[in-house]
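Since the structure comes first, as structure tokens, the remarks are kept for the end.
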Amino acid sequence: MSLAKRIIPCLDVDKGRVVKGVKFVDIRDAGDPVEVAKRYDREGADEITFLDITASHEGRDTTIDMVKDIASQVFIPLTVGGGIRTVEDIRAMLNAGADKVGINTAAVHNPGFVTEAALRFGSQCIVVAIDAKRQGDHWEIFTHGGRKATGIDAIEWAKQMVVRGAGEILLTSMDRDGTRDGFDLGLTRAVSEAVSVPVIASGGVGNLQHLTDGVLQGKADAVLAASIFHFGEYTIEAAKKAMQSEGVEVRL
Amino acid sequence: MVDVAVIDYGMGNLHSASKALEFVAPGKKILVTSDRDEILNAKRVVFPGVGAIRDCMAEIRRLQLDTLLPELIKTRPVLAICVGMQALMDSSEENGGVDCIGVLPGKVRFFGDHLVDSDGQELKVPHMGWNQVQQVRDHPIWHGIEPDSRFYFVHSYYVEAQNSDQIIGSTEYGSNFSAALTEKNLVAVQFHPEKSQHAGLALLNNFINWDGSC
């Protein structure tokens, strides 16, 4: 009996629609986040994360409606990240039915925002998203979707964010994101061992072995992936069975 | 008449519980409310909660829920969830020590900064994710739910019940803690049934159909 390692599919959404092509034969409208979320729920996803890439402020209201729709039909934890900058942004997402929000750039601009958010809503719903890139012998964090260097050391930053009240760290390797070469296991392990809160590994998953490696070698508490699930290449159930066969505790 | 009142005391995401109840019990009248009369008028009551205990208890006292809840559990089925469960205990170690409602004897304790499992492996705090619940006693709330089913947890403090007869579910995380308690018409759970997919929805459905006669 112990806590299961989590598998979290991640969807990019723009104005309430799924983007970056999700392709399932059994889904009529793969751009419909409700349909896609229901599909992942059926397959046994432990949580679902939405990355909101909507640029306009007005467009963000559609994201709130989307979260409402999903939260009334899918009963697993939902996380929404992207563009969360104020306490009001957080309140709107939580009221719509999100369980956690991801904070990234806003935390770098103002680390006090994480403290404020954690005090107001509780650490359990504050996920700090860290985009890190290897620079020589260490990892540096980037903001604005990985475009802007900050000069901040990723491990020190992760520790500071936990002190500030982060309840979980979503750690993305910018070097591996989109490569399908697997997680940056050195980065994942270094951060996971440095902080007391759960760490979600992200960036680079190309096959099911990568998920197992993220847990067993990277010491991640959860693994996040997008494309390997979106194109029907692997189901979440298949991923869990593969992980279980390697000795990882999963919820089946 | 309202079938289920979900008590709203302003602490975060209380709407998940009502959405899940609407899903398992279409046609039932489910109301999210902080109004004393509306709560007293409901056949069943759900007492959810997230966030820090000090803020929760402050709101609970402001709305006089601390005197209402002991009355409610004498007269109708009540389901307390997560911090709702913790608020029903005697006291909590959180926020430097907080006195709670005290309808269930026992304390709420911190998992600790250096929690380890039986193999000496470090465990992360908060306890976040899907863990197994051992149904240590038979109860209508477990009807149709497989033994050791996984439910979704997210908490850094856990309930240490004083009266072991009240424990109907337990979970292992560093040590064995009370995942579900009962006393007459009350069931209190540490996990989030509203976020625990099939097992959680089954539990909510059982609650809707439970007359509290246990």
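The values are calculated or read from the model by the stated rules, or taken from the named source; none is laboratory data. None of these values were measured; they are calculated from a predicted model. Please note: Cβ atoms are built from the backbone with ideal geometry, for glycine as well, and neighbour counts cover all protein chains shown. Only protein heavy atoms, including side chains, enter the accessible area calculation; ligands, DNA and RNA are left aside. Shrake-Rupley method; radii C 1.70, N 1.55, O 1.52, S 1.80 Å.
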Residues in the range B:51-71 that are free of Cβ contacts under 8 Å to residues at least 40 places away in the same chain and open to solvent by less than 70 Å² (accessible area, probe 1.4 Å): how many? 5
Pick from A:F121, A:F142: which is open to solvent by 10 Å² or more (accessible area, probe 1.4 Å) and either touching a helix residue (DSSP H, G or I) at 6+ places or on another chain (Cβ under 8 Å) or within 23 Å of A:G59 (Cβ to Cβ) (or both)? A:F121
Subset of the range A:214-237, residues of a type in the set (D, E, K, R) and within 12 Å of chain B (Cβ to nearest Cβ), comes to A:K219, A:D221
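Report those helices (runs of 4 or more DSSP H) wholly inside the range A:8-106 carrying at least 3 residues which are away from every other protein chain (no Cβ under 13 Å). Walk me through how you get there before you give the answer.
On the way: elements: A:33-43, A:60-71, A:87-96.
Those helices (runs of 4 or more DSSP H) span A:33-43, A:60-71.
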Picking from A:G112, A:G83, A:G97, the residue that is on the phi > 0 side of the Ramachandran plot and open to solvent by 10 Å² or more (accessible area, probe 1.4 Å) would be A:G83
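Name the residues in the range B:91-104 that are in contact (Cβ under 8 Å) with a residue 60 or more places away in the chain and open to solvent by 30 Å² or more (accessible area, probe 1.4 Å), would you?
Correct list: B:E93, B:V103.
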Would you say B:V83 is more than 14 Å from chain A (Cβ to nearest Cβ) and either open to solvent by less than 10 Å² (accessible area, probe 1.4 Å) or in contact (Cβ under 8 Å) with a residue 60 or more places away in the chain (or both)? no
Filtered residues of the range B:105-124 (kept if facing chain A (nearest Cβ under 8 Å) and either under 18 Å from B:I81 (Cα atoms) or open to solvent by 100 Å² or more (accessible area, probe 1.4 Å) (or both)): B:D113
Where in the range A:124-186 are there strands (runs of 3 or more DSSP E), lying wholly inside it, with at least 2 residues that are within 27 Å of A:L216 (Cβ to Cβ) and of a type in the set (K, R)? A:126-135
Can you name the residue in the range A:192-208 that is within 12 Å of chain B (Cβ to nearest Cβ) and in a helix (DSSP H, G or I) and is also farthest from A:A222 (Cα to Cα) among such residues? A:A194
Would you please name the residue that is farthest from B:N95 (Cα to Cα), looking only at residues in the range B:184-198 that are open to solvent by 10 Å² or more (accessible area, probe 1.4 Å) and at pLDDT 95 or above? B:H198
State the number of residues belonging to the range A:54-78 that are among the aliphatic types (A, V, I, L, M) and farther than 27 Å from B:V154 by Cα. 1
Reported set for the range B:125-136 where residues are more than 12 Å from every other protein chain (Cβ to nearest Cβ) and among the aliphatic types (A, V, I, L, M) is B:V136
Any pair with Cβ under 8 angstrom, 6 or more apart, that starts in the range A:233-248 at a residue that is closer than 14 Å to A:N207 by Cβ and ends at one that is basic (K, R): A:M243/A:K5
